[in-house]
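Visitor: Got a structure here, written out as structure tokens. Questions coming.
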Amino acid sequence: MKRPPISAARRIVIIGLGSYALATLLLGTGIFLAMHAAFSRQIDARIAQTSMTLQSEFSEDGVRGVVKALRQRKMSGPDALGFALFDGAGHRAAGDLVVALPAPGWQTIQFADPDEGADPARALVSDLGGGYRLVVAEDLTPLEEIDQTILAMFGLAFVALMGLGWAGLNLLARFLRQRLRSISQTADAIIAGDLACRADLGMHDDEFDRVAASLNAMLDRIAELIANLRQVTGDLAHDLRTPLSRLRHQLEALGAIEDAAQRRKRVEAAIANADEVLALFDAILRISEVEEGGLRPGFAAIDVSALIVDLGETLAPLVEESRRLLKVACEPELRVMGNRELLAQAVINLIENARRHTPEGAAIELRAGRRDDTVVICVADNGPGIPACDRERVQQRFVRLEASRSTPGHGLGLALVRAIARAHDASLALSDARPGLIAEIHLPSSCGVSQPSINSISRSPA
Amino acid sequence: MRVLLAEDDAETAAFVAQGLRALDHEVVAVGQGADALEQGMSGAFDVLVLDRMLPELDGLTVVKQLRAVGCKTPVLLLTALGRIENRVDGLDAGADDYLVKPFAFSELAARIHALGRRQAPASTVTRLQVGEIDMDLLARQVRRGGQLIMLQPREFRLLEELMRHEGQFVTRAMLIERVWNFHFDPQTKIVETHMSRLRAKLNEGEQPDLIETVRGAGYRIRPQ
């Protein structure tokens, strides 16, 4: 049979109270035993001392001395001790303790109490020589009474302590439950869809407040990511709508066209639109892939200088064709750990950005150099630049500034550059070239022994 | 050419097979990895086109097993996985080329053609000649009708690729991969720009254009 689950608070109460009870019992038993032993020792000492006195009386005056001494004791008031002196024949010679003749030594005997009947007593039986035996005994009833009083007091105290403990622990459990409930209620509210709900913070800054604060911080971060995701999804859907609806119109129109040349033209336009959709997907997936950061194991030493010169040669004709100028300046022997193709793509995107957002006749500079411990790749132009307030925003996906609405693109170029920079432990910094824009990637330099560059290694077939 | 096509999506398989047959290739299409392995080992094909995701035995494993038994038939992997690591895995497994879906049919055709007509290893060829163009790979010099033409390194590499595949179409993506060693689409017209510069230099003085451009298919140098 499955037992119903026990709540953590109840477990705390049970375990707490259990150990509390055990501790109290151990303490009580210890105190009881110690007190019992102390009282017993006191009784024994009293008996032994009196027995010694009587023995010395006996050795001086014989039976008479003992009788005299006993009479004196009786006259001086009530006596806790009882006595009996037996002669060699076993007859009582002195004392009024009603008891059968016991064996010598310490023992517990039964005697006949004139008021209460048979009673246990502690007794010392000593041989006095000449067959005489002296019995000195003390009634154990007072000790038993003390024992019972102590036990009764402990019993009461135990019950009271258990009651207090139970109440205290239950209060604690209730407090725990309450604090945890506020956190779990927050979680439940979020599961139910209220993403704005946050856990209550107490004013003590205790463990629970700290858990609640961490929880709230986590929720804030998640909310931020979700908002980002929503924005990206929304933008993606929006950006896909245009080429997809164009594609749809083109396919619709195709059916009505008889002329073969016209038809081919329409098909080509439709394919171009489909390609645009695919390119958009590729760009989004590429950014995600780079952002995931799983590319690091494939990083190798890269000759940045060679890469920059190479890209300069590749891109200069393109920039010139659009009536702008590309100047390349690069320090020799710049090396970083990274992915050559991604860095190339970042530089291509930056130059493409500069080309698109500057007027004809603009000058674009591609520079690479060492600065402190970093290798800086820089693309600067003398175009209109980006206002300081937009420089952070423009690095996000799908963000396009009003001024560039008319140019083609989806606002993913800089987002990819930033993702690539971050994958390389680098940062993308945008600043003012007065006039124009400076985009810089600061890469951690791997200025060790010069390793062979992967630049020249080609894996492509043919 | 005899082409083995291993593709589990029937529609894609039919589209590709029909297109390849129209180009006079002989096509055997299979839908399972195990069949692809068996057929591939027969050695009866010039090119194997394998989809990476095949039922049971995936394309990557098929390539590995083929290479393990010494089969050297060129392999083109088709895949819906376009991540950087996926391409590296594919080439590491022994594939010769890698094409991400969705692709233009002309791209696939050009790559199959290039794989099937593989020439001697690049290093053993020191001289290429197509018609009146003569390329010295050691001196890195190009002459047209004996006249020396000064080319930039990229232009030289573009021309070399076209001459190595004389008469065949080489696509824009293939040129980006082979001349620039980029496996991404730079979204800029680098091939077009450098190609037009190459053309201008080759055709200086009203000479006939030897390079043919077909939209969607790519470039080729006209066979003489």
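The values are calculated or read from the model by the stated rules, or taken from the named source; none is laboratory data. Because the structure is a prediction, the values reported are computed rather than measured. Because the Cβ atoms are built from the backbone with ideal geometry, glycine has one as well, and the counts that use them run over all protein chains shown.
Visitor: Taking the conditions exactly as written (under 30 Å from B:Val179 (Cβ atoms), crowded, with 16+ Cβ neighbours inside 10 Å and within 14 Å of chain B (Cβ to nearest Cβ)), does A:Leu247 satisfy them or not?
Guide: In short, no.
Visitor: Do we have A:Arg198 as in a loop (DSSP other than H, G, I, E, B), modelled with pLDDT of 85 or more and of a type outside the set (S, T, N, Q) here?
Guide: In short, yes.
Visitor: Can you tell me which condition A:Gln345 does not meet? The list is (1) under 28 Å from A:Gly294 (Cα atoms); (2) out of contact with any Phe, Trp or Tyr (no Cβ under 8 Å at 6 or more places or on another chain); (3) within 14 Å of chain B (Cβ to nearest Cβ); (4) not basic (Lys, Arg), and all the others hold.
Guide: Answer for A:Gln345: the failing condition is (2).
Visitor: Note down all Cβ pairs under 9 Å where the first residue falls in the range B:205-216 and is among the β-branched types (Val, Ile, Thr), the second is assigned to a strand (DSSP E or B), and they're at least six residues apart or on different chains.
Guide: B:Ile211/B:Tyr219; B:Ile211/B:Arg220; B:Ile211/B:Ile221; B:Thr213/B:Tyr219; B:Thr213/B:Arg220; B:Val214/B:Arg220
Visitor: State all residues of the range B:50-78 that are under 30 Å from A:Ala274 (Cα atoms) and more than 13 Å from every other protein chain (Cβ to nearest Cβ); if no residue qualifies, say none.
Guide: Result: B:Leu50, B:Asp51, B:Arg52, B:Met53, B:Leu54, B:Pro55, B:Asp58, B:Gly59, B:Leu60, B:Leu78.
Visitor: Out of the range B:70-81, which residues are assigned to a loop (DSSP other than H, G, I, E, B), surrounded by 14 or more Cβ atoms within 10 Å (Cβ to Cβ) and touching a Lys or Arg at 6+ places or on another chain (Cβ under 8 Å)?
Guide: B:Pro74, B:Leu81
Visitor: Determine the pairs where a residue that is facing chain B (nearest Cβ under 8 Å), located within the range A:269-285, has a partner that is of a type in the set (Gly, Ala, Ser) with Cβ atoms under 7 Å apart, the partner being 6 or more residues away or on another chain.
Guide: That search, which allows pairs on different chains as well, returns A:Asp282/B:Gly82; A:Leu285/B:Gly82.
Visitor: Now for a separate question. For the structure I just gave you, tell me whether A:Pro317 is touching a Ser or Thr at 6+ places or on another chain (Cβ under 7 Å) and part of a loop (DSSP other than H, G, I, E, B).
Guide: So A:Pro317 does not fit the description; no.
Visitor: Still on this model: Report, by residue number, each residue of the range A:250-287 that is at pLDDT 85 or above and assigned to a loop (DSSP other than H, G, I, E, B).
Guide: Correct list: A:Asp259 only.
Visitor: Taking the residues in the range A:355-392 that are small (Gly, Ala, Ser) and assigned to a strand (DSSP E or B) as candidates, determine which candidate is surrounded by the most Cβ atoms within 10 Å (Cβ to Cβ).
Guide: Per the stated criteria, the residue is A:Ala368.
Visitor: Identify all residues within the range A:335-354 that are out of contact with any Leu (no Cβ under 9 Å at 6 or more places or on another chain) and not in a helix (DSSP H, G or I); write none if there are none.
Guide: Residue satisfying the conditions is A:Arg335 alone.
Visitor: Among what's in the range A:332-342 and is closer than 11 Å to A:Phe299 by Cα and in contact (Cβ under 8 Å) with a residue 24 or more places away in the chain, pick the residue that is surrounded by the fewest Cβ atoms within 10 Å (Cβ to Cβ).
Guide: A:Met337
Visitor: Taking B:Phe103 as meeting all but one of (1) surrounded by fewer than 22 Cβ atoms within 10 Å (Cβ to Cβ); (2) within 11 Å of another protein chain (Cβ to nearest Cβ); (3) hydrophobic (A, V, I, L, M, F, W, C); (4) farther than 19 Å from B:Arg21 by Cβ, write down the number of the exception.
Guide: (4)
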